1. Would you kindly calculate the mean projected area, averaged across all directions, of the convex hull enclosing the Cα atoms of the chain, in square nanometres?
2. Write down the Kirkwood hydrodynamic radius of region 68-161, to one decimal in angstroms, obtained as one divided by the mean of 1/r over all alpha carbon pairs.
3. Rounded to the nearest 20 debye, what is the charge dipole size of the chain about its Cα centre when +1 sits on each Lys and Arg Cβ and -1 on each Asp and Glu Cβ?
4. In the structure shown, do any of Lys81/Lys132; Lys38/Lys97; Lys97/Lys156; Lys38/Lys81; Lys97/Lys155; Lys97/Lys132 have a Cα-Cα gap over 27 Å, and if so which?
5. How high is the relative contact order of region 46-161, in percent, counting Cα pairs under 8 Å that sit 6 or more residues apart?
6. In whole Hz, with x marking every Gly and Pro, tabulate ³J(HN,Hα) for region 24-32 from phi via Karplus 6.51 cos²θ - 1.76 cosθ + 1.60, θ = phi - 60°.
7. Compute the signed sum of charges (Lys and Arg +1, Asp and Glu -1) over the other residues within less than 13 Å, Cβ to Cβ, of Leu112.
8. Can you pull the percent of region 63-104's accessible area that's carbon plus sulfur, 1.4 Å probe, other chains left in place?
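The values are calculated or read from the model by the stated rules, or taken from the named source; none is laboratory data. It should be emphasised that the depicted structure is a prediction, and the values quoted were computed from it without experimental measurement. Every residue, glycine as well, gets a Cβ built from its backbone with ideal geometry; the counts of neighbours run over all protein chains shown. The area values use the complete protein model at the heavy-atom level, side chains included, leaving out ligands, DNA and RNA. Shrake-Rupley method; radii C 1.70, N 1.55, O 1.52, S 1.80 Å.
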Amino acid sequence: MTIVVYPGTFDPITNGHLDIVRRAARLFDRIVIGVYEKSNKHLVFTTEERVELVRLAVASIPNVEVKSFSGLTVDFARKEKAPVMIRGLRMNADFEKEFEMAMMNRKLAPDLDLLCLMARQEYQFLSSSLLKEVARLGGNISDLVPEHVAEALRKKVHGTM
Ligand code: ADP
């Protein structure tokens, strides 16, 4: 049985992330999505909220589990007994950052491999940060995130959550 971890901030989860999860779920036996536990003032959602939004988004995919974690991603992967870590790769935004992180992670955990799945064309320019900006300005984000995420974002930006 091959277990993989898919770590990220997911503030909030988008259809781009979800597409990576769905594709990984077809390739591997079990996916553990790791939501970074960080209290950063630039984040819109708390760790608990981010976990809950991811959980609802993946509820219909049977081999996916969602956990929060703190500390090194390589330690999280080790704890979950995952020999592989998944990341999504957009054309411009991600390559250098992922490469740098992969080199460091390889030093920290030589047995853990990284597998990057290319983001689908329609999600190449979709990021959680741009999404939040558009939501703040009242733009339509309905085809970029699951409905419950759009609703949670609307509530956040209008200060009612
Ligand atoms: P992090 O802070 O770890 O970059 P993110 O939540 O921004 O966390 O992203 C988690 C992972 O999902 C990263 O590998 C990122 O490159 C990938 N990702 C982000 N947006 C997209 C997208 N639109 N399509 C595919 N993968 C994406």
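1. Averaged projected area of the chain's Cα convex hull equals 9.2 nm².
2. Result for region 68-161 stands at 15.6 Å.
3. The calculation lands at about 120 debye.
4. From the list (Lys81/Lys132; Lys38/Lys97; Lys97/Lys156; Lys38/Lys81; Lys97/Lys155; Lys97/Lys132), the Cα-Cα distance tops 27 Å for Lys81/Lys132; Lys97/Lys156; Lys97/Lys155.
5. 22
6. These are the phi-based 3J(HN,Hα) values: 5, 5, 7, 8, 10, 6, 9, 10, 10 Hz.
7. Neighbourhood net charge equals +2.
8. 60
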